[in-house]
1. Go ahead and set up a Gaussian network model of the chain, Cα springs under 10 Å, then flag whichever of ALA149, ALA132, ALA87 fluctuates most.
2. Projecting each Cα onto the charge dipole of the chain (Lys/Arg +1, Asp/Glu -1 at the beta carbon, about the Cα centre), which of GLY152, PHE173, LEU107 comes out farthest on the positive side?
3. How do 31-39, 152-160 rank on mean C-beta neighbours within 10 Å, highest first?
4. With springs only between Cα atoms under 10 Å apart, run a GNM on the chain and tell me which of ASP194, ASP13, ASP129 wobbles the most.
5. Whenever you get a sec, compute what percent of the accessible area on the stretch 149-211 sits on carbon and sulfur atoms (1.4 Å probe).
6. Could you go through the stretch 106-120 in sequence order and give the Karplus-derived ³J(HN,Hα) for each residue, using 6.51 cos²θ - 1.76 cosθ + 1.60 with θ = phi - 60°, rounded to whole Hz, and x for Gly and Pro?
7. Rounded to a whole number of µm²/s, how large is the Stokes-Einstein D of the stretch 109-211 at 20 °C and 1.002 mPa s, given Rh as the Kirkwood radius over C-alpha pairs?
8. How long are the three semi-axes of the equivalent ellipsoid for the stretch 143-194, computed from the Cα gyration tensor as the root of 5 times each eigenvalue, in whole Å, largest first?
Amino acid sequence: MNYQGKIVNWNDDKGYGFVQPNGGGERAFVHIKAFTARDRRPTDGELIVYELVKEKNNRFRAFNITFARANVNANRTNKKSQQSAFATYFTTVFSLTLLAVILLGKLAPFIGGIYLCMSVVAFIAYARDKSAAQAGRWRIQESTLHLFALIGGWPGAFIAQKILRHKSSKREFKITYWFTVILNLTALVYLQSDIGIHFVNKVLMPLIAAI
């Protein structure tokens, strides 16, 4: 069982002290060798996570000790990793489903062409923006990158974020990016409705033919 508590009476010269458990209770002996990580030394008042063992003298000793802050950082890293894995899975499933629906004749091929072309455009835009950032040149506006994602380039934008490591850690940007994904998918679903099909046949197709 894991416990959390605060280090007290730490003697750094001798490498030991005690831990006072959160919520009260009997304190336990803490030795520097009981820490799983040796990259830094503990200090008085620092929170730790530990397990307990009762010794022959009926006193408690802490072992398998980790710093509470390290556990929080590890949990954040794991959460980001899970979110990234889900995003990769979602994008892959969407791309394969889109291809399958087009091959089955249930979706106009030009829609798949739009996603493919805009994904290439988005990827190139991300690459150029990262290159400009590294060289100190004029950057591509974030609104432009979001526009490419909105009109079908979000799979390519996601691939660029993963491969190029660009715009992948900026929280505000990622929130807006996923909002454009939702809007794009909403529009795609709308285009499959009766009204949407009428719009495609009477408006979009004539425009594409004219181009």
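1. ALA132
2. PHE173
3. Most protected by this proxy first, the peptides run 152-160, 31-39.
4. ASP13
5. Carbon-and-sulfur percentage of accessible area, whole number: 70.
6. After applying 6.51 cos²θ - 1.76 cosθ + 1.60, I find 9, 9, 4, x, 5, 5, x, x, 5, 4, 5, 5, 5, 5, 5 Hz.
7. 147 µm²/s
8. 23, 11, 8
The values are calculated or read from the model by the stated rules, or taken from the named source; none is laboratory data. None of these values were measured; they are calculated from a predicted model. Don't worry about glycine lacking a Cβ; one is built from the backbone with ideal geometry, like all the others, and counts go over all protein chains shown. Please note that ligands, DNA and RNA were not included when accessible areas were found on the heavy atoms of the full protein model with its side chains. Shrake-Rupley method; radii C 1.70, N 1.55, O 1.52, S 1.80 Å.
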